[in-house]
Amino acid sequence: MKIFALTPVKNEEWILPTYISSMRKIADEIIILDDNSTDNTALILKNAGVIVIQGDTSAKVNMSKKRLALLKEGRKRGGTHFIWLDADESFDANFLKNGRKIISKLKPGRKITLPWITLWKTIDEERVDGVWKENFKDVIVHDITEYSFENRDLSEGRTQGPNTDVLHLSKDVGQILHFQFLNFDDASLKQAWYRCLELSQSKKSPQRINNMYSVSLDTGNVQTKKTLPTWFEGIALPSNESNKRKWYTDEILKMFNIHGISFFEPLDIWRIQELKDEFKKQMRRDPVAKTFPKWLIKLNTIKNKIKQCLKK
C-alpha cells in the first residue's frame, strides 16, 4: 500500500502549512499541482519538500484536467490509494490517528466518504443547516486502472471513477474539516468568482447558478453549533486571514473586461461592495440580479430529496 495525497492549488499560502502538516500524518507522499500561483505558494511547497507539478497556462479553468494530471503522476510514482482533499481541508485528529488502518482495508475500486464539516467564520462553530447539515464527500479511493475523471471544466468529481462501491464513515470515526469560510469576506469573493466562471464557461442559466451557490450566503437562516476542541488536536491551524482578496477581484474584473460587465448582471454577486461599485461606475445604475422565487427553490429541494430516496 502506498498512499498519495493529490491536490491542485492556486495561491493557497494561507492554508498550505495546515494541509501539508496534516497530510504528512497519513500519506506516504504529497503531490501538488501548482496552478501558476502568484503568492508564496511555490516557496512554501519548495521548503516543505513535497512533489510539485505545474498546471497549464490556459485562461480557461478545467478542474478535471488538473485532477487527471495529478492522477497520472500518482500512478507513475506507484501510488495505490489516493486522498483527494482540497488545500483548505484537513481530516480531523481522530481520522489522522486511525486513517491508514482504515484505508489499508479497502478493496480495489472502493472509496471512502466522510462527513464534511464546514467551519463557519471561526473554528469554534460549524454550519449545520441546509446542505451543510449532513454532507458527505468521497475523498479516498483504492485506485484501479479503469478509473478516470469525466472531462468537466467545473463541478468535477472529487475522486476518479464511479461512486458505486463506497464505505460511508460516521462522524465518530472521522470527518473532513473545511476551513474556507474562516475569512468570510474572502470566501464570499471566491464564491462570486465561481459564479462568474460558471456563467462564462458553462451553459447554466444565471438563475440556476445563483441557486447553486446560494447555500454559501450569510442569510438570517444560518444555523451553527459548537465544534469540539478534540477535532483539532495536533493540527497546525490557519489564521482566519486569507490573502486572496485582490487575486479574486482582479480575476473577476478580467472577466468583466472580456465579456462586458452587463453579461454578469443577473448573478447574485453585487452584495460585494467593490463589485457593485464597479458596476455603478460603468453602467451608472444599480445592478439587478435574477434569482428564483423562494417557493420554487423549496419545491425543487423537495423534488431532489424524493429523487434521492427513489434511488436508494
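Here are some notes:
- Net lengthening on full extension, T230/D277 (0.36 nm per residue, minus Cα-Cα): 12.6 nm
- As a rough footprinting exposure proxy, the listed residues L217, L119 were ranked by other beta carbons within 10 Å of their own, and the order from fewest upward is L217, L119.
- Span per principal axis, largest first, for the Cα atoms of the chain (Å): 61, 45, 40
- Ascending count of other beta-carbon atoms within 10 Å, so fewest first, for I26, I252: I26, I252
- Flagged links, alpha-carbon separation over 28 Å, of K46/K105; K76/K246; K121/K246; K190/K290: K46/K105; K76/K246
- Approximate shape of segment 3-178 as ellipsoid semi-axes (Cα gyration tensor, √5λ), whole Å, largest first: 23, 20, 17
- In terms of surrounding Cβ atoms within a 10 Å radius of their Cβ, W247, W14 rank from fewest to most as W247, W14.
- Beta bridge orientation in the chain: antiparallel %, DSSP, nearest 5: 45
- Radius 15 Å from Cβ of P108, net charge of other residues (Lys, Arg +1; Asp, Glu -1): +3
- Structure-based [θ]222 nm, the chain - -39500 (n - 2.57) summed over DSSP H runs of at least 4, per residue, nearest 500: -11500 deg cm²/dmol
Just so you know, all these numbers are worked out from the coordinates, no wet-lab data involved. Everything numeric in this text was worked out from a predicted model, so none of it was measured. Positions of Cβ are generated from backbone atoms using ideal geometry, with glycine treated the same way; all protein chains shown enter the neighbour counts.
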